[in-house]
Amino acid sequence: MSSQIPAPDRVPKVALVGRPNVGKSTLFNRLLRSRKAITDPTPGVTRDPIEADWVVEGHPVKLVDTGGYKTKGDDLDAKVTAKSIAKAKEADLILLILDLMELTAEDEEFVRLLRPMSDKVVVILNKADGLERESLMGEFYSLGFSEYLCVSAAHNRRIDELEELIVARLKFSDTVVEDAQPDIKMAILGKPNAGKSTLVNRLTGLDLSIVSPEPGTTRDPVEGRFEYKGTSFRVLDTAGIRRRAKVGEDIEYYSVNRALKTIELSDVVVLLIDAVEGLSDQDKKIAYQIVKDGRGVILGMNKWDLLPKVKNQLEAYTDRVRFLFPVLDFAPVVPISAQDNTGIPELLSTVVKVNRQLHQRVETSKLNEMLKIWMEDIPTAQVRGVIYKIRYLTQVSAMPVKFVAFGNHGRDTPESLTKYIVNKIRKDLGFQDVPLELNVKGGQER
Ligand code: GDP
């Protein structure tokens, strides 16, 4: 999150542009949750730009209502429009507000003026009062921008998503303090004696904790930093699950709770398994939680050196893990020996890969282009005469990676169709190795 904080002398600006009556001021007020801007229903009323201080998800932002572009007869009023364009130029992000129900010639003319700045434009299609209306959004793709979002300022629909999108987009602007990549926060969790301390010591090159063959003997918290191939890593506290329980304390209860907190603070968790012993019930509980929290998870099969050397050992092992624990069917399995220092580079490149997938965002327009292709590729999804369709797909968040789809039957969409879309998202858009959630909405919400 720290990478999103703008430089102290420079708060990023978000400009709202649009012709009068598209709902620009209503949206401005909605975002500010105040009545600061005056909503004027008379088209063509010119207002001076209004700037307001806004805090979105903890980040200070200047929100600018540009006052709108005006038309003179059938043409844009040059002076008024120039003001809007000037404000847009200054901004780090431009929200072009259009009326989902009506695209006018002036809109198209204004779009031409915005073209040189198109990489910082997000098109907001307002007045999407119900889900039905969102199907109209396809008609706007020909404007050629990369990101579109349907909202209803008046009915408070998808305003949260808009805010998330704004935060995500500003992260990629030049207004961040750090230009370096933030550290990857990784945690090493696993049963006592799985080899966590040995691995942490390998990674950090420091003897941070006492390694002892007796379970539960490491006492001090461990946290370390290290670099690998230009990426910095932070190994979060893994001591909790190794700490000796106090007299009367339920060891397992204590460990799992401590692990849950660690998961929340991590990007990627290496679940370290003693390969000789295999997955325990406690490992499964922790894995469930990692998936639920939408964090990356890698199964580190430690003490691989102790396994008999047989052909296709890894394949057989991986198959077994997948069979026993389908909830982790996407998780990479990496054999290592912390003691013999083998498999560590592979483990770290896997952490980097998983971390990348976890933070990636796919633009809505690209997703919907893909969705069209995917839907063309399957024979009509039909169950007992009912035809199921997915019309629209959008990524709501990264880490946790979440998508929302809109279908003609919402939650009643058959699992086979949802699974098909999930697999396509994974394979075609590069989310193979991370937990991914897809919720289907629509239908009954009409
Ligand atoms: P922790 O409780 O998970 O932190 O486990 P430790 O790091 O304390 O390791 C427990 C025991 O397993 C120690 O005796 C280590 O030397 C041993 N160990 C750790 N990694 C390996 C490995 O890759 N191979 C073998 N054979 N032993 C290991």
field: Separation in nanometres of the label points that stand 7 Å from Cα toward Cβ, at SER397 and ARG322
entry: 2.9 nm
message: Tell me the Kirkwood radius of segment 364-441: reciprocal of the mean inverse pair distance over distinct alpha-carbon atoms, in Å.
response: 12.7 Å
- request: Counting only C-alpha contacts under 8 Å and six or more residues apart, can you give the relative contact order of segment 304-446 as a whole percent?
  value: 21 percent
- prompt: Using the per-residue mean of other Cβ atoms lying within 10 Å as a proxy for protection, in what order, highest first, do the peptides 296-305, 419-428 fall?
  reply: 296-305, 419-428
field: Under 11 Å, Cβ to Cβ, from PRO435 - net charge with Lys/Arg +1 and Asp/Glu -1
entry: 0
Segment 78-203: relative contact order as a whole-number percent, Cα under 8 Å and 6+ apart: 21 percent
message: Taking 35 Å as R0, compute the FRET efficiency from the Cβ-Cβ separation of ALA86 and SER142 and round it to 0.05.
response: 0.85
- prompt: Under the definition of Cα pairs under 8 Å and six or more residues apart, what whole-number percent is the relative contact order of segment 400-446?
  reply: 66 percent
- prompt: Packing-wise, with mean Cβ within 10 Å as the measure, how do 99-112, 266-279 rank, highest first?
  reply: 266-279, 99-112
task: Taking a cut-off of 17 Å between Cα atoms, list the lysines near LYS70, but don't count ones fewer than 8 places away on the same chain.
output: LYS24, LYS79, LYS83, LYS87
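Read-outs: derived from the displayed coordinates by stated rules, not from any lab. From a predicted model like this one, the values you see are computed outputs, not experimental measurements. Virtual Cβ from ideal backbone geometry, glycine too; neighbours counted across all protein chains shown.
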